[in-house]
Every structure is written in structure tokens, then in C-alpha cells.
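The values are calculated or read from the model by the stated rules, or taken from the named source; none is laboratory data. None of these values were measured; they are calculated from a predicted model. Positions of Cβ are generated from backbone atoms using ideal geometry, with glycine treated the same way; all protein chains shown enter the neighbour counts.
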């Protein structure tokens, strides 16, 4: 990084508010250099400019020498704060000082770290889902301000709305060495979304992949950058849809059991008791299946396939097996054995 300096004249001023100026001074404390952060501008050829004021601390008047400094970056590096050395020549005397200030590189360089997505996010088709995406800003860097978020899905018909509350007037600032949550609002189009995921049963297979384009800049004065990240999502039917699938599976399982054994439950068991038992056992099986596949390393395997119990078809089949009992399970297993 090199700097070129252009003298702009003198001003009589002593107000250099800390919120708007960075301060450096020479080793002999004779001069102070004030860099105006509000004046930072990106210019052509990967350069940036800022206004700086040099004040002689030992002079009787508060005359400030005004300069325009142009930073000319070389090579590839992240926007970052660095300690810059400056020299002041006053007659035959030379003074050297340092100032901690930001330097910028307008070339393509992603500033944000994105947390790895271990598994697709679950999105219910029964309403809008609030999703948070974790972003990090590396230490020893500048703050980053996100000013716009654009979201697009591969399956355009599967969505009613894809948006974020982060915008120009409500930006998200991430300080160096910290993480922040990017809020997303995902509202699926119920029927197309369910059809999109109907045949993708594996829990780790996304039903759709979102492209999230972030517009941001380093603070203060960094050039606008864009960074696109991908997020996999899986559509789920919600509690109401799962309840319908369970009830339908239990009804079919009990019907098949009656056709195969001429009874709904065990020997001499009242029909109402058998139906209630099937409902309770089906609900328990579904809850256990969701818990072990969502929060543990276990898998739910049906006919050799790793399936997601939060989807309609696996929930329906699980309910059929639970309510149908051994007679239905053995008949279906035998059928699939012959089909191989």
C-alpha cells in the first residue's frame, strides 16, 4: 500500500471530534494528524481517497494544514485497519509518526465467513418460517455493514415470499471477531412445495437450495461488495399435515389388519380400545422418530431406505405399520420380498 499526498491549503480549526476523526501523532508529539473517516471515497483503479489535517501542537495558532491522501493498494488483501507511518518535514527538521487507519482493496475478496450448514433447514408449508443464518467477521478486520439481502430459490413456484428485514435503513453491522444472525423470512407455496419434496425422502437431501446474495461494505468507507451463499431447505407439512397423515395411516392399517385377521386388536379386545391404542402408539412412534432423527445420530429405515419421519409419506407408512401390527408388517414384507 502506497499513499500520494496533495496539499489543499490551510484552515483555522480545532474541532476534531473522535467520532469522525482518527488521530495519530509524531514521536516527538509536535504534530498531530487527523484523518476524516466521513471523507473516505472509493475512486477508479482500485484506489481510495480521504481528507487529513495536520496540526502543529506547539504553534500558538490552531492552523490546520489540509491534505488529500490517496491510497493505492497493491496485491490482494482484505479491507483491514493498519498502522500507517507518516513523515512531517518542517524546515530542516523531520518528524515521524504513525496513525491507525483503514486501508481498502476494491478487488474481489469475500469479507464474511459463513457457518457450514450441517443439514438442510426445516421449513413448514403451513405458514411463514423465521430462519437465522450465522455469519462471522474475522478478527483484525474492519466492521462490516450488510445493507441488502436478495434471496432466490431454485424452485421459484415453491415460494410465496423470500425476504429479510435487513435493508439500507436497517442494516446489520458485524464487529470484528464476532458473529451475527442474519434473519430470513421464508413463506412457501404449500402444494408445490409438498410436491417438490414428495420423492426426496432422505433427511439430508434438500428439497430446494436458496441463493442468498448479501450486499455489504467495510465500515467506514469500504467499497460495496456482494457475496452469495447457498442454503438448503426441506419442506415439511406442519403439525396439521402430519396429523392427517397419521390418522390416514392408522385407519388404513386397522382396515388391513381387520381384513387379514377379522379383528381390529388382540383377542377379545374391544374395537374402541384397539382404535385408541393404535392412535396412541402411532403418535408415540412418530414423536420418537422425529426426535431420534432430528437430535441424534439415529436413522429411520423403511424397506432399506433412510427416510424423514417429518414428511407425509414416511409418517403415513409408519402409522400403517404400527396400527396394522404383525399381520400387516409380515404381509407387506413378504410382498416386497417377492418383488425383488
Conditions (1) touching a residue at least 60 places away in the same chain (Cβ under 8 Å); (2) within 33 Å of the chain's Cα centre (by Cα); (3) in a strand (DSSP E or B): number failed by residue 70: (2)
Residue match in segment 319-326 (condition: modelled with pLDDT under 75, farther than 26 Å from residue 118 by Cβ and surrounded by fewer than 16 Cβ atoms within 10 Å (Cβ to Cβ)): no
Qualifying positions in segment 248-294 - surrounded by fewer than 14 Cβ atoms within 10 Å (Cβ to Cβ) and either outside any helix (DSSP H, G or I) or in contact (Cβ under 8 Å) with a residue 60 or more places away in the chain (or both): 262, 266, 267, 268, 269, 270
Residue within segment 29-45 that is within 44 Å of the chain's Cα centre (by Cα), part of a loop (DSSP other than H, G, I, E, B), within 22 Å of residue 217 (Cα to Cα) and in contact (Cβ under 8 Å) with a residue 60 or more places away in the chain present: no
Counted residues, segment 119-150 - those being outside any strand (DSSP E or B), over 15 Å from the mean Cα position of the chain (by Cα) and under 30 Å from residue 239 (Cα atoms): 4
Residue in segment 197-220 that is in a helix (DSSP H, G or I) and surrounded by 14 or more Cβ atoms within 10 Å (Cβ to Cβ) present: no
Test: residue in segment 156-169 that is touching a helix residue (DSSP H, G or I) at 6+ places or on another chain (Cβ under 6 Å) and at pLDDT 90 or above: yes
Some residue of segment 30-45 being at pLDDT below 85, surrounded by 12 or more Cβ atoms within 10 Å (Cβ to Cβ) and outside the structural domain of residue 225 (by TED's automatic domain parsing): no
Residues of segment 97-118 satisfying the condition of being buried (at least 17 other Cβ atoms within 10 Å of the Cβ) and in a loop (DSSP other than H, G, I, E, B): 104, 105, 106, 111, 112
